[in-house]
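The values are calculated or read from the model by the stated rules, or taken from the named source; none is laboratory data. All values reported here derive from a predicted model rather than from experimental measurement. Neighbour counts run over all protein chains shown; Cβ positions are idealised from the backbone, glycine included. For the accessible areas, the whole protein counts, side chains as well, though only heavy atoms, and no ligand, DNA or RNA atoms are used. Shrake-Rupley method; radii C 1.70, N 1.55, O 1.52, S 1.80 Å.
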Amino acid sequence: MNEQHFFRFLRERIGLDVESVGATMVERALRQRCVAVNAADLDDYWLHLQQSMDEQQALIEAVIVPETWFFRYPESFTALASLAHKRLAELAGARPLRLLSLPCSTGEEPYSLAMALLDAGIAPGAFMIDGMDISPSSVAKAGQAVYGRNAFRGSDLGFRERYFDALEEGHQLHERVREQVSLQVGNVLDPALASRDGLYDFVFCRNLLIYFDVPTQQRVFEMLKRLLHPQGVLFIGPAEGSLLARLGMRPLGIAQSFAYVRQQGDSAALATPPAQPLRRMSPAPARPGYPLPSAALPRPLRVLPVAAKPAPAREHKREEPSELLASIARLANAGASEKARAECQRYLGQFAPSAQVYYWLGLLSDTEGDAQQALTHYRKALYLEPQHPEALVHLAALLAAQGDLAGARRLQERAARVGRESER
């Protein structure tokens, strides 16, 4: 038996497009599970899989590799704080705000939502959050709410001091945050979710759509749209904006928030606030990547008089390309897009063209909704490094969003081959 049976199983069970994550990852998971259940070969394992619901779930969890941390994409949480106050004013005490985090993974996102709203001065009784994930083990970890170092990234960790207690094995989240979140195991493709029609004011579903084929993307999107209140806001991942534009949503207009509402005319939507930096609602210091208010912007440099004695030149250590690439990655991952773009241009001015730099430029353009510029940058990356795995995957997603399914499939197949070759 070849792996195709398992690929079809994953597509039918959770809607996974195997090529989007790479066949190599699934093949590795199959080998791990064969060893775990003492299966002689894939045929033997297939029989075992058909007879055991527990093993079916174990395979799904072996394929799903959650990558999350607290306050990932920080501008989204700044936007949420402002929009939540606006929505509460509209509700005028009729009911609390309702939020959904799906998939919620091990809890970092829904708990970040709770902390952001509490920091914004919103009373605990004024909002409730549902967290849902297909993985029972992830939901169980979220329920324990004990987190290690990898869950806390970036330089501003003030929230950890406010909301966690230090333990030997990590940090335990305070009960007052945990009680704001209701966790459950669930699948976004479960028809039973339709009973929550229009329930949620804010839905966070990030970095999920890119792993599905186009028909499954459509099904998932229709479910998300159904869950969302007509005046609600959907928060997505940076690479998914072009998909939503094609499926009837428009960006809200808050930079780097990845927030979308229904197209005008589709239903009553939230009025788009001015596209300007949002001030943080709590007194805590701003997280890396938050837009600064205008008063905090650096003033123009003062021009020295001609007669002024120039300061002695300092010797600068030559900057290494790897150091600048690492700086670009840190800035981009922290949401500081303008700084990351400036560092990319600085790299190109100092060193030979780099596929990785053009990949970052493509991702930054993709995030901002400039699909044409993103295409150009991704293609430059692949010209310099034809097997660049991330550029292949993201360009494939962009082509699929534009309807070029054949082109997207070719790139996905190339990315899968790269994964298999790297493993060998």
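Name the residues in the stretch 148-183 that are closer than 22 Å to I64 by Cβ, surrounded by 14 or more Cβ atoms within 10 Å (Cβ to Cβ) and at pLDDT 95 or above, would you?
Matches in the stretch 148-183: V181, L183.
Kindly check whether there is at least one residue in the stretch 196-216 that is of a type in the set (D, E) and either open to solvent by less than 20 Å² (accessible area, probe 1.4 Å) or closer than 21 Å to S138 by Cβ (or both).
Checked against the condition, which is being of a type in the set (D, E) and either open to solvent by less than 20 Å² (accessible area, probe 1.4 Å) or closer than 21 Å to S138 by Cβ (or both), the stretch 196-216 yields at least one hit.
Got at least one residue in the stretch 79-86 being out of contact with any strand residue (DSSP E or B) (no Cβ under 8 Å at 6 or more places or on another chain) and open to solvent by 50 Å² or more (accessible area, probe 1.4 Å)?
As a first pass, look at the stretch 79-86 and keep what is out of contact with any strand residue (DSSP E or B) (no Cβ under 8 Å at 6 or more places or on another chain): 81-82, 85-86.
Subsequent filtering for residues that are open to solvent by 50 Å² or more (accessible area, probe 1.4 Å) retains 85-86.
Within the stretch 79-86, one or more residues are out of contact with any strand residue (DSSP E or B) (no Cβ under 8 Å at 6 or more places or on another chain) and open to solvent by 50 Å² or more (accessible area, probe 1.4 Å).
For (1) of a type in the set (V, I, T); (2) under 22 Å from A415 (Cα atoms); (3) at pLDDT 85 or above, each residue gets a yes or a no:
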| position | (1), (2), (3) |
| --- | --- |
| A336 | no, no, no |
| E343 | no, no, yes |
| A352 | no, no, no |
| W360 | no, yes, yes |
| Q373 | no, yes, yes |
| H377 | no, yes, yes |
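Could you run through the stretch 48-60 and say how many residues are open to solvent by less than 50 Å² (accessible area, probe 1.4 Å) and either part of a helix (DSSP H, G or I) or in contact (Cβ under 8 Å) with a residue 24 or more places away in the chain (or both)? Please lay out each step first, then the result.
Of the residues in the stretch 48-60, the ones open to solvent by less than 50 Å² (accessible area, probe 1.4 Å) are 49, 52, 55-60.
Then keep just the ones that are either part of a helix (DSSP H, G or I) or in contact (Cβ under 8 Å) with a residue 24 or more places away in the chain (or both); that gives 49, 55-60.
So the answer is 7.
Picking from Y383, Y347, Y378, Y358, which residue would you name as being surrounded by fewer than 18 Cβ atoms within 10 Å (Cβ to Cβ) and in a helix (DSSP H, G or I)? First the steps, then the outcome.
Working: Y347 fails: surrounded by fewer than 18 Cβ atoms within 10 Å (Cβ to Cβ); Y378 fails: surrounded by fewer than 18 Cβ atoms within 10 Å (Cβ to Cβ); Y358 fails: surrounded by fewer than 18 Cβ atoms within 10 Å (Cβ to Cβ).
The conditions single out Y383.
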